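What follows is one structure encoded as structure tokens, with my remarks underneath.
Since every read-out is calculated from the coordinates, none of them should be taken as a lab result. On a predicted model such as this, the values are computed, not experimentally measured, just so you know. Virtual Cβ from ideal backbone geometry, glycine too; neighbours counted across all protein chains shown.
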Amino acid sequence: MTVETTWFCLLWFMMAMYAVLDGFDFGAGILHLFVARNNREREQVLQSIGPVWDGNEVWLIAAGGTMFFAFPALYATSFSGFYLPLMMVLWTLMGRALGIELRHQLKDPLWCSFWDVVFSVSSLLLTILLGAALGNVVRGVSLNTDGVFFAPLWTDFRVGDNTGVLDWYTILIAVTAAAALTHHGALWIDARTDGAVQARSGRIARIVWPVVLTLSILAAVASISVQPNIVAGLKARPWLSVVPVAAFLSLSFTRRLHRRQRSSAAFRASCVYIASMIASASISIFPYVLPARDESLSLTVTAAAAAKPGLKAALYWWVPGMLGVCFYMYFVSYRTMPASQGRVPSKPLGTAGRSSRSGH
């Protein structure tokens, strides 16, 4: 494996970690207004993600930083071409954070309800935007001979040479992402709460599961139709077919484990499903980091990468640094925070857990 391919795998690893960890935050946000019917129950949902949601976003920052120094050509091309959608992502990220933090600044019911809506709507929009972005990467963009592109939000919603950010395929991927993370969040809330909130989230998880399965199958078939490189890549490396197979097997296990009321195990199976789907997306575009609608113009891993000496030197720093991050997140955020140990009870916890940083 070349050093460029190693960094390609590491970049997608960080994206998978972000999708898995911040994904249940998104799902909790989407379901916030549905599984919680009053202020006490909404506090219960927020307490379940309170100690970890902001730490989970570190993976997005880490992925952006890695793209900047490992694949500078990819960073420049994608950030300029997707400028408007990325600004929308930035605003929805801020909306989620403000919705969590500001609702606790006043005890007025109208104030709290407003920020609850901001949190929920921002979570849904962010999921859709990031899902559409993933669809654009798999489908390919309209790169020109200068290696640049600009994608409008939409054109005619058909997959073609001058397609926009939104077409029938990217909308399908966006809806699939929203359903998958809603299911993921429902399993998290089911595993981390009790009482009425747990019962409602468990019911939603059961309802959404067949939707996720159906959309995942449709997304897989559609991806093969819009990206010819998928079939060619699997023929060249047939052993990689185990990854999409693992995705569908883990999704089936979530159903079985949830029926047996093993909610924590079902959530872990959902983590494997989401990580496998992200890995499948990376496999589908390799050896490109940004496919073009005209395959001859696609940006390859080698062409987009920084100089080899720099990539090799950075690898020696990245590995111990990332191990330290993983150690810190696991033991500080997921092991020692009060709201991360066991279930968040339906009865109020006083002031503990009110803010996203209450356990710090």
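So the values come out like this:
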item: FRET E, pair T5, W168, Förster distance 35 Å, beta-carbon r, rounded to 0.05; result: 0.65
item: K308-C326 pseudo-label distance in nm [points 7 Å out on the Cα-to-Cβ vector]; result: 2.7 nm
item: Gained length - T145 relative to V245, 0.36 nm times residue gap less alpha-carbon distance; result: 32.3 nm
item: Estimated FRET transfer efficiency when R0 is 45 angstrom, pair L110-A232 (beta carbons, to 0.05); result: 0.20
item: Model label zone, I224; criterion: amide N under 13 Å from point 7 Å along Cα-to-beta-carbon; scope segment 137-171; result: none
item: Contact order normalised by residue count of the chain, Cα under 8 Å, 6+ apart, percent; result: 28 percent
item: GNM top mover of P244, P109, P85 - the chain, alpha-carbon springs below 10 Å; result: P109
item: Per-pair calculated FRET efficiency, R0 = 35 Å: L90 and S252 via Cβ, rounded to 0.05; result: 0.45
item: Among W154, A186, F114 - extreme Cα towards positive end, dipole of segment 62-213, charges at beta-carbon; result: A186
item: Residues of type aspartates and glutamates that K308 reaches as a straight line, Cα spacing below 16 Å, ignoring anything fewer than 8 places off in the same chain; result: E4
item: Among T193, T77, T155: highest mean-square fluctuation, GNM of the chain, C-alpha pairs under 10 Å; result: T155
item: Of W209, W59, W111, the one that fluctuates the most in a GNM where the chain has Cα springs shorter than 10 Å; result: W111
